[in-house]
1. Can you say whether PRO120 is assigned by TED's automatic domain parsing to the domain that holds TYR171, surrounded by fewer than 16 Cβ atoms within 10 Å (Cβ to Cβ) and in a helix (DSSP H, G or I), as far as the supplied structure shows?
2. Given the criteria closer than 26 Å to ARG58 by Cβ and either in contact with a Lys or Arg (Cβ under 8 Å, 6 or more places away or on another chain) or aliphatic (A, V, I, L, M) (or both), does PHE374 qualify?
3. What are the residues in region 148-190 that are over 19 Å from ALA225 (Cβ atoms), outside any helix (DSSP H, G or I) and either outside the structural domain of ASP206 (by TED's automatic domain parsing) or in contact with a Ser or Thr (Cβ under 6 Å, 6 or more places away or on another chain) (or both), if any?
4. Filter region 191-215 down to the residues that are touching a Ser or Thr at 6+ places or on another chain (Cβ under 8 Å) and of a type in the set (Gly, Ala, Ser) and list them by number.
5. Would you pick out the residues in region 274-287 that are within 30 Å of GLN347 (Cβ to Cβ) and modelled with pLDDT under 95?
6. Looking at region 56-72, which of its residues are in contact with a strand residue (DSSP E or B) (Cβ under 8 Å, 6 or more places away or on another chain) and either more than 15 Å from LEU40 (Cα to Cα) or hydrophobic (A, V, I, L, M, F, W, C) (or both)?
7. Could you tell me whether any residue of region 230-247 is more than 28 Å from ASP181 (Cα to Cα), small (Gly, Ala, Ser) and exposed (fewer than 15 other Cβ atoms within 10 Å of the Cβ)?
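The values are calculated or read from the model by the stated rules, or taken from the named source; none is laboratory data. For clarity, every value in this text was computed on a predicted model and none was experimentally measured. For neighbour counting, all protein chains shown are included, and Cβ atoms are generated from backbone atoms with ideal geometry for every residue, glycine included.
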Amino acid sequence: MWPYPIHAILSEFLILPNNFLFAGAGTGKTERVVNESIDLIREGKRVLVLTYTTSNQREIHDRFVLKNRKADQAFAVKGLFTFYLEEMIRPYQRAIFPDRICKFHFNDNDPHKANGRTIPGRSEKINGKYNSIYYLTKDRAAAHSTYLAKLACAINKEARGAPIRRLEKIYDHIFFDECQDLVGWDYELLAMLSKCKSMSITCVGDFRQTIYETAVTNKKPGTIAEKLAHLKKLGFNEEYMNESYRSVQSICDFAAKIHESEKFLPMMSAVIAPAGESHHVGVFVVKESNAREYIEQFHPVLLRHSVTSGTAYDDMPMKRITFGKSKGLGFPRTIIIPTDSHLKFLQGNTKAFDQGKTEAPKNKCYVAFTRAQFSVAIIVPDKLVAKCNATTWMPA
């Protein structure tokens, strides 16, 4: 009998297939990740799920335990920054920095710039040696979050690929959840991981919902088109989840107009409004003068750009949440406090979001419009209602 398993021989010559799952809003992305993780574990695989936010980490872990009926040592969920620090940087950090990096420091902005200019002495290398203050805080105890992926790449290079080889010994499959949030150096690391012979990768996300990014950087890929092209270049197999279990078809169709130029696969709804809700289904504009009556009648959740928006309705008993924090959530009915760009879009301006420096405003609009199950209402100044391309709600 041949002394070696055939899969062990083949793994020396073949790279396992990697997949990109484009999961639209409300299509059951988390359920898919959990189900596939359970299947892999039952095959004897070790699985790691990476995601950006702590709320997603909790949701994935809790749903796995519920579905699997117990926790499993072969299943791990980590934040992306924690993964970079614990799995790629610390084990081999002495290749660049001798002292232990205790944690990461979250950056809202580039820590090396002030008033739009680079601070002197902050270059990555000085006299050919790595500059600790480029990657680390002044006390050298924490790594800047915006440079974590770049630091992981640098350490992997200096350690001659040892961090990647270490990962292959620990995990058989890694899910990158919310992969739309990856940017720049994240994709360099993804390229390295995608070449592993004994470990496969699945990226899951919806680039129309990119409202956070892991780093403040100009390094490509950054736009939706660039990220999709990068994954294609890496040879990821593509699969689309386009059946919505959250929103009725009329909401799916309206939200699709926001990214119409990108020509994404249309979303198909599996939601049928029950008799008790079918009297008010779809997307509506509501006059400011009628907004209070609408809210009292339908009890929607109010979605807004920031906590300072829509304060005129603060006295009304309803849930309020910002566009960003509503991501991943769903509600029976929503009412939106629109931005100027939203109002222009409602009036037929297809380039309403093109003036922004990033795609975030456009994507936040998409997120806001895909939270509701049965109805989305937008509060519009009375004088603009007639110009909007949506049904106007009128009191009975």
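1. Considered against the rule, which asks whether it is assigned by TED's automatic domain parsing to the domain that holds TYR171, surrounded by fewer than 16 Cβ atoms within 10 Å (Cβ to Cβ) and in a helix (DSSP H, G or I), PRO120 comes out as no.
2. Answer is no for this residue.
3. HIS173, PHE175, ASP177 - these are the residues of region 148-190 that are over 19 Å from ALA225 (Cβ atoms), outside any helix (DSSP H, G or I) and either outside the structural domain of ASP206 (by TED's automatic domain parsing) or in contact with a Ser or Thr (Cβ under 6 Å, 6 or more places away or on another chain) (or both).
4. SER198, ALA215
5. Once the filter is applied, which keeps residues that are within 30 Å of GLN347 (Cβ to Cβ) and modelled with pLDDT under 95, region 274-287 yields GLU277, SER278, HIS279.
6. Within region 56-72, GLN57, ILE60, HIS61, PHE64 meet the criteria.
7. So the first thing to find is which residues in region 230-247 are more than 28 Å from ASP181 (Cα to Cα), and the list is none.
For region 230-247, residues more than 28 Å from ASP181 (Cα to Cα), small (Gly, Ala, Ser) and exposed (fewer than 15 other Cβ atoms within 10 Å of the Cβ): absent.
For every residue, the table says whether it meets (1) in contact with an Asp or Glu (Cβ under 8 Å, 6 or more places away or on another chain); (2) closer than 26 Å to VAL271 by Cα; (3) surrounded by fewer than 21 Cβ atoms within 10 Å (Cβ to Cβ); (4) among the hydroxyl-bearing types (Ser, Thr, Tyr).
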{"site": "ARG333", "(1), (2), (3), (4)": "no, yes, yes, no"}
{"site": "GLY348", "(1), (2), (3), (4)": "no, no, yes, no"}
{"site": "GLY356", "(1), (2), (3), (4)": "no, no, yes, no"}
{"site": "ARG371", "(1), (2), (3), (4)": "no, yes, no, no"}
{"site": "PRO381", "(1), (2), (3), (4)": "yes, no, yes, no"}
